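The values are calculated or read from the model by the stated rules, or taken from the named source; none is laboratory data. Keep in mind it's a predicted model, so treat the numbers as computed, not measured. Here the Cβ positions follow ideal geometry from the backbone for every residue, glycine too, while neighbour counts run over all protein chains shown. For the accessible areas, the whole protein counts, side chains as well, though only heavy atoms, and no ligand, DNA or RNA atoms are used. Shrake-Rupley method; radii C 1.70, N 1.55, O 1.52, S 1.80 Å.
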Amino acid sequence: MQYLPIFIDIKDRQCLLVGGGDVAARKATLLLNAGAKVEVLAPVLGAALSREHQNGRITYTNRGYESSDLTDCCLAISATDDRELNAKVATDAKALGIPVNVVDSPELCSFIIPSIVDRSPVMVAVSSSGASPVLARLLRARLETLIPASYGQLATLVQGFRDRVKARFSTSNKRRLFWEDVLQGPIAELLFAGKAEAARAALDNAITGTADSRYDQGEVYLVGAGPGDPDLLSFRALRLMQRADVVLYDRLVSAEILNLARRDAQRIYVGKQRAYHSMRQEEINDTLVRFAQQGKRVLRLKGGDPFIFGRGGEEIDTLAAQGIPFQVVPGITAASGCAAYAGIPLTHRDYSQSCVFVTGHQREGKLDLNWEMLSQPGQTVVCYMGLSGLPTLCQQLIAHGMPPQTPAALIEQGTTQHQRVFAATIATLPGIIGGADVHAPTLIIIGEVVRLHEKLAWFHPQADTDAKALI
Ligand code: SAH
């Protein structure tokens, strides 16, 4: 983080603005909106600042800047074309410990001014730390369309009830849960619909009518995080991720995805690796129960889909037995994600009428699968957790009658910026992979549909990275 975002109270305080042109006028408006007393110094005033002066909103001194002008100021902005003058204002202000901003010269600034979305008292400030003010403005424009105009009114309504809610609920966690219900539920909707009085009455009733014990019981969200690309999360997954108090996540959940969970949420890694379990399954099940019983909203975030080789069923089994409310959010499973991003349709009218998902996880060095069924023609076989068992998988399929030239692909870190696709046949794939430096997770797809990869591959992360570097 290059700058610390803070909001400063400058109400009724003296701020110095050096410069009289249009840019200075825009800064004056900002300072005035925040209630400051604005002192403008410039040899001449442009039209906009002249109007402010005539209306008595600013004080104006018709001369050049002197160091003593900073006395008693809480903040200074220099908005002139004169680089030397700008630098002098900056140096003087810094010497006095007064925050200073020089328009278009981040190197002279001790603070920078963000783009803002103003829904007073709600403010959203966006900054690119000076890297691209245009980007910050584009983002601000997008936020403008996302944040209802009446958000400010909503904040004002809520402000008036804070003390009562504090008295009503015994813990800060319960108060937060209550407010989240209010701000995302029917009370907020009433306000957005212009029914301010009805919203006030409903809030009044909700405070009186909601028992403290209402928030004793927590709940669990078993959420599929998809195969890697954060854009593949569902809206519901994202919404619940942003409500959670605790997040229990797996090895397959990337940092990028985890970053989308509520910032204050406690994050607990419970990932498993092939030969090493950092938290045993029973322990995970018990942890979910324990947190929910403490009234927490627990997010159990799993790679792909929780019900496909995810042991999601076992986790909610324990919850159901304990009577803990839960919901399950499907995720895009590795088979769908990798197939789509590798340009391999899992079914195809000409090549494959069915698709089967198997696990290549070996027990005591053995792969125990229904080889007769898997080696049938006209189907696609997708193998999860199959990297170390790949040679056995291919040998067994050939031994049970699958033609050795059957196309097969291994997709490494599918849907991510590190995706690689190795396409070959069941006879040649193990040799190719044995010689390549392949990193988990990997998925194997076997069947005639793999032929289509050559024509349909569309996702080229390396090329994209190069293209981005050019931009
Ligand atoms: N529940 C998950 C699967 C968990 S089992 C799902 O629905 O996708 C873990 C296996 O999933 C890995 O060994 C690998 O075979 C596969 N996998 C998960 N993400 C993957 C990815 N991004 N690329 C390739 N394979 C992946």
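Give me the pairs, please: first residue somewhere in region 224-251 and in the same structural domain as Tyr384 (by TED's automatic domain parsing), second residue anywhere and open to solvent by 20 Å² or more (accessible area, probe 1.4 Å), beta-carbon distance under 6 Å, and either six or more positions apart or on two chains. Correct list of pairs: empty, since none qualify. Give me the residue from region 375-405 that is within 35 Å of the chain's Cα centre (by Cα) and within 15 Å of Val450 (Cβ to Cβ) and, out of that set, farthest from the ligand (Cβ to nearest atom). If we take residues in region 375-405 being within 35 Å of the chain's Cα centre (by Cα) and within 15 Å of Val450 (Cβ to Cβ), then Thr380 is farthest from the ligand (Cβ to nearest atom). Apart from one condition, Met385 fits all of (1) open to solvent by 50 Å² or more (accessible area, probe 1.4 Å); (2) more than 16 Å from Leu443 (Cβ to Cβ); (3) touching a strand residue (DSSP E or B) at 6+ places or on another chain (Cβ under 8 Å); the exception is (2). For region 273-292, check the following and say yes or no: at least one residue is buried (at least 21 other Cβ atoms within 10 Å of the Cβ) and part of a loop (DSSP other than H, G, I, E, B). Within region 273-292, none of the residues are buried (at least 21 other Cβ atoms within 10 Å of the Cβ) and part of a loop (DSSP other than H, G, I, E, B).
Scanning region 332-369 for residues that are open to solvent by 30 Å² or more (accessible area, probe 1.4 Å), among the small types (Gly, Ala, Ser) and within 15 Å of the ligand (Cβ to nearest atom) returns Ser336, Ala340.
Checked against (1) open to solvent by less than 60 Å² (accessible area, probe 1.4 Å); (2) within 11 Å of the ligand (Cβ to nearest atom), Arg420 passes all but condition (1). For Glu372, the test of being within 34 Å of the chain's Cα centre (by Cα), more than 28 Å from Glu256 (Cα to Cα) and away from the ligand (no atom under 15 Å from the Cβ) is failed. In this entry, Phe459 is excluded by the filter for residues that are in a strand (DSSP E or B), aromatic (Phe, Trp, Tyr) and either over 39 Å from the mean Cα position of the chain (by Cα) or not assigned by TED's automatic domain parsing to the domain that holds Gly226 (or both).
For region 107-121, how many residues are open to solvent by 40 Å² or more (accessible area, probe 1.4 Å) and either under 22 Å from Ala141 (Cβ atoms) or assigned to a loop (DSSP other than H, G, I, E, B) (or both)? Number of matching residues: 9. When you scan region 285-298, do you find a residue that is within 16 Å of the ligand (Cβ to nearest atom) and under 28 Å from Asp216 (Cβ atoms), even just one? No.
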